[in-house]
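Structure, as structure tokens:
Please treat every number below as a calculation from the coordinates, not as lab data. This structure is a prediction, so every number in the text was calculated from the model and none was measured. Glycine also receives a Cβ, built like all others from the backbone with ideal geometry; neighbour counts cover every protein chain displayed.
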Amino acid sequence: MSARELAGDPFDALGDGNRRAIVELLGSGGRTVGEIADSLPISRPAVSRHLRLLKEAGLVIAEPRGTRRIYQLHARGVEAVQSYLLEVWGDAAARFKLLAENTRPTGRKR
């Protein structure tokens, strides 16, 4: 599965700060809507809406446990995003660092 094949666009989903915060929280383990809401300055209904968008983007899955759902990161969705970024950016950061380390200042002041 590539990032482009996911139902929702994971990059659109990650464009919101609250959704990025949710992804960061879920990076340390599964949580319920209530646990996520208690950790962020947003309401439970808002958390639910953000989780729905993250699910549609393939970044989050929900596991039913009794009457609750435990939300966690979906490895395949996260791996698809990572793979896409590696494809697009490749080793650009390493090349930039190499260029910066091997470029001498001109000595001119602006």
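Using the Cβ-Cβ distance between Leu98 and Thr67 with R0 = 41 Å, the FRET efficiency computed as 1/(1 + (r/R0)^6) comes to roughly 0.15.
For Ile61, Ile36, the sequence from fewest to most other C-beta atoms within 10 Å is Ile61, Ile36. On a per residue basis, the convex hull of the C-alpha atoms belonging to segment 3-101 measures out at 116 Å³.
Each Lys and Arg Cβ is given +1 and each Asp and Glu Cβ -1; about its Cα centre, segment 3-101 then shows a dipole of about 420 debye. Considering only alpha-carbon pairs that sit under 8 angstrom and 6 or more positions apart, the relative contact order computed for the chain is 30 percent.
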